[in-house]
Amino acid sequence: MQIEDLRIFVAVIKAGSFTAAAEQLLLSKQYVSRRMAALEAGLNARLLNRNTRKLSVTESGQLFAGHAQRILDDIEEAERAVSQKRQVLQGSYRLSIPMSFGISHLSPLIAEFLGQHPAIQFQVELVDRYVDLVGEGFDIALRIGNLADSSLVARRLGELKRVICCSPQYLERMGTPQTPEDLLQHQCLRYGREGQTGWELDHNGKRRLFEVRGPILSNNGEVLRDAAVAGLGLVLLPEFIVGPALQYGALVRVLEDFHPGALDLHAIYPQHRQRSEVTRVFLDFLQERLKAQRVSAA
């Protein structure tokens with residue numbers, strides 16, 4: 001097994017195809033395909049599923065990818081130590097961040113960070129789905145809300161406050177809810193997926209799930225915010241999405257005594273990235289900047 005094969009294999013996973021990986025590595029597609037076939041033959045295991053439309057990673061491939069990346073990281077760290085370049089952060093990282101939060105708050109921070117560390121390259125994908133970090137070749141993902149159990153490393157960066165609000169026109173037409181029990185008499189614009197029909201609120205000192213109904217269910221907060229501004233109903237969203245609309249009066253808060261609680265903001269990454277100086281410095285930077293913006297209070 002050659003170190004070059006490990007580099008090519010990791011590049012193929014991150015790029016999603018032999019062609020894209022070959023272009024990034026300045027190699028021919030035929031050479032990349034031949035080296036991957038040799039790697040699988042040497043391991044006596046199929047690492048990649050190939051078809052005409054999509055390249056996917058097998059279970060064995062995902063396991064091997066973690067070890068391969070760890071070996072490459074160790075080699076990179078050794079090279080930096082020998083060449084005395086540890087003070088210069090460098091490398092290529094693939095990030096997954098939530099769409100709305102990424103555009104409103106993370107985009108300028110990423111630009112600032114890269115301006116401070118020009119030897120680093122980021123590939124940033126804004127998606128609201130949960131990506132498979134190892135299988136899809138991501139190095140870091142930022143996630144809002146509860147985390148599922150996994151072998152990934154999680155670092156809490158802070159929390160995002162949420163509010164219940166609606167347009168003044170909606171209140172004039174439908175009246176103001178006084179307690180969470182009143183929500184069933186109102187149109188509620190729901191965030192999430194089918195089957196997620198409740199809002200969890202503080203009620204008499206306890207957390208309780210209240211059923212809600214309404215005309216829209218979406219996995220994008222900006223869609224729900226715009227619907228609320230249009231007078232279609234009540235919405236429960238993080239302040240970073242509805243904050244400007246609240247400031248200029250397009251939305252007003254309701255049920256302020258029944259707190260919906262905050263959402264945790266986490267960065268998650270594979271275990272082999274724990275020793276990465278780039279990961280540590282980048283997440284320290286985000287935590288400091290977000291706290292300064294009062295978007296998140298870790």
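Do any strands (runs of 3 or more DSSP E) entirely within the range 25-114 hold 2 or more residues that are at pLDDT 85 or above and outside the structural domain of Ile8 (by the TED database), and if so, which?
Correct list: 91-97.
Yes/no matrix, rows are residues, columns are (1) among the aliphatic types (A, V, I, L, M); (2) assigned by the TED database to the domain that holds Leu147:
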residue	(1), (2)
Asn204	no, no
Leu209	yes, no
Leu224	yes, no
Leu232	yes, no
Gly243	no, no
Ala250	yes, no
Val254	yes, no
Gln274	no, yes
Phe282	no, yes
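When you go through (1) touching a strand residue (DSSP E or B) at 6+ places or on another chain (Cβ under 7 Å); (2) open to solvent by less than 30 Å² (accessible area, probe 1.4 Å); (3) at pLDDT below 90; (4) under 19 Å from His105 (Cβ atoms) one by one for Val242, which number turns out not to apply?
(3) is the only condition that Val242 fails.
Which count do you get for residues in the range 3-15 that are open to solvent by less than 40 Å² (accessible area, probe 1.4 Å) and farther than 19 Å from Leu63 by Cβ?
Total meeting the criteria: 1.
Check Leu209 against each of (1) more than 29 Å from Val131 (Cβ to Cβ); (2) hydrophobic (A, V, I, L, M, F, W, C); (3) modelled with pLDDT under 90 and name the one condition it does not meet.
(1)
Residues that are closer than 19 Å to Ile144 by Cα, at least 1 per element: which helices (runs of 4 or more DSSP H) completely within the range 164-252 meet that?
221-229, 239-247
For Leu263, state whether it is open to solvent by 30 Å² or more (accessible area, probe 1.4 Å), of a type outside the set (Phe, Trp, Tyr) and within 26 Å of Leu286 (Cα to Cα).
Here the answer is yes, as Leu263 does meet what is asked.
The values are calculated or read from the model by the stated rules, or taken from the named source; none is laboratory data. Keep in mind it's a predicted model, so treat the numbers as computed, not measured. Please note: Cβ atoms are built from the backbone with ideal geometry, for glycine as well, and neighbour counts cover all protein chains shown. For the accessible areas, the whole protein counts, side chains as well, though only heavy atoms, and no ligand, DNA or RNA atoms are used. Shrake-Rupley method; radii C 1.70, N 1.55, O 1.52, S 1.80 Å.
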